[in-house]
Amino acid sequence: MAYLPCGTWLLLLYLTASLHRSSIFANTTICGPWGCGPTNDALVAIHATWLVAISLPLIYLNQRYLAATRWRFTIGKAAVITGIAIALSIVGWQWLVWLPEADENHRQFIWQRCGFALATTIDCPAIELIISGFAVIGVENFTSRNLTPDPTAPQF
């Protein structure tokens with residue numbers, strides 16, 4: 001993916017953002033004792049849009065400008081670490097703020113609440129940063145393995 005046309009990226013952004021109009025999940029929602037979230041179609045659309053918005057430019061930037069430097073895996077690692085930090089802060093917020101205020105019957109659902117919060121927090125793309133970071137690392141591992149000559153291979 002040495003060349004990523006801007007038009008292709010924008011088209012993918014538009015298509016993933018348009019997924020909310022589909023009826024893949026028949027307008028079902030994620031619900032729990034604390035209430036319901038947005039429709040699953042909207043969640044898939046926003047998560048897919050974040051994934052395209054983050055991962056394709058990261059992979060492109062890493063291959064285009066940083067492939068020959070010692071910073072090859074830095075972008076991927078930074079994205080994974082940032083995503084984990086955001087996810088831990090969301091989970092920590094649930095334990096520190098939601099749990100003490102929750103009614104006794106709802107406290108047993110703390111891990112479901114953490115999953116709900118991670119799935120419905122669309123303004124902080126924690127999951128997408130983790131996936132994008134691993135995608136960058138995976139692409140770099142694949143390309144560096146394919147570009148590195150094998151010293152045992154016969155030379156012609």
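The values are calculated or read from the model by the stated rules, or taken from the named source; none is laboratory data. It should be emphasised that the depicted structure is a prediction, and the values quoted were computed from it without experimental measurement. With ideal geometry, Cβ positions are generated from the backbone for all residues, glycine too; neighbour counts draw on all protein chains shown. Remember, those area values only see protein heavy atoms, side chains included, never the ligands or the DNA or RNA. Shrake-Rupley method; radii C 1.70, N 1.55, O 1.52, S 1.80 Å.
Being loosely packed, with under 11 Cβ neighbours inside 10 Å and outside any loop (DSSP other than H, G, I, E, B) is true for just one of Gly7, Gly37. Which residue is that?
Of the residues listed, the single one that is loosely packed, with under 11 Cβ neighbours inside 10 Å and outside any loop (DSSP other than H, G, I, E, B) is Gly7.
Yes or no, residue by residue, for (1) surrounded by fewer than 18 Cβ atoms within 10 Å (Cβ to Cβ); (2) of a type in the set (A, V, I, L, M); (3) in contact with a Phe, Trp or Tyr (Cβ under 9 Å, 6 or more places away or on another chain):
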residue	(1), (2), (3)
Ile30	yes, yes, yes
Pro33	yes, no, yes
Ala42	no, yes, no
Trp50	no, no, no
Ser55	no, no, no
Gln63	no, no, no
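How many of the residues making up region 1-52 are over 17 Å from Glu128 (Cβ atoms) and of a type in the set (Val, Ile, Thr)?
Total satisfying the criteria: 6.
Of these, Gly83, Gly92, Gly138, which one is at pLDDT 80 or above, small (Gly, Ala, Ser) and surrounded by 18 or more Cβ atoms within 10 Å (Cβ to Cβ)?
Going through Gly83, Gly92, Gly138 in turn, just one is at pLDDT 80 or above, small (Gly, Ala, Ser) and surrounded by 18 or more Cβ atoms within 10 Å (Cβ to Cβ): Gly83.
Report, ordered by the first and then the second residue, all pairs with beta carbons closer than 8 Å, sequence separation of six or more or different chains, a first member in region 6-20 that is among the aromatic types (Phe, Trp, Tyr), and a second member that is assigned to a helix (DSSP H, G or I).
Within 8 Å, the pairs are Trp9/Val52; Trp9/Leu56; Trp9/Pro57.
So is Arg145 of a type in the set (D, E, K, R), open to solvent by 30 Å² or more (accessible area, probe 1.4 Å) and modelled with pLDDT under 70 or not?
yes
For region 114-126, give me each residue that is in contact (Cβ under 8 Å) with a residue 60 or more places away in the chain and either over 15 Å from Val44 (Cα atoms) or surrounded by fewer than 19 Cβ atoms within 10 Å (Cβ to Cβ) (or both).
Ala119, Thr120, Ile122
With respect to Gln108, determine if the residue is in a helix (DSSP H, G or I), open to solvent by less than 60 Å² (accessible area, probe 1.4 Å) and polar (S, T, N, Q).
no
Check Leu118 against each of (1) modelled with pLDDT of 90 or more; (2) over 30 Å from Cys36 (Cβ atoms); (3) of a type outside the set (D, E, K, R) and name the one condition it does not meet.
(2)
Report yes if Ser22 is open to solvent by less than 60 Å² (accessible area, probe 1.4 Å) and modelled with pLDDT under 85, otherwise no.
For Ser22, the condition - open to solvent by less than 60 Å² (accessible area, probe 1.4 Å) and modelled with pLDDT under 85 - is met.
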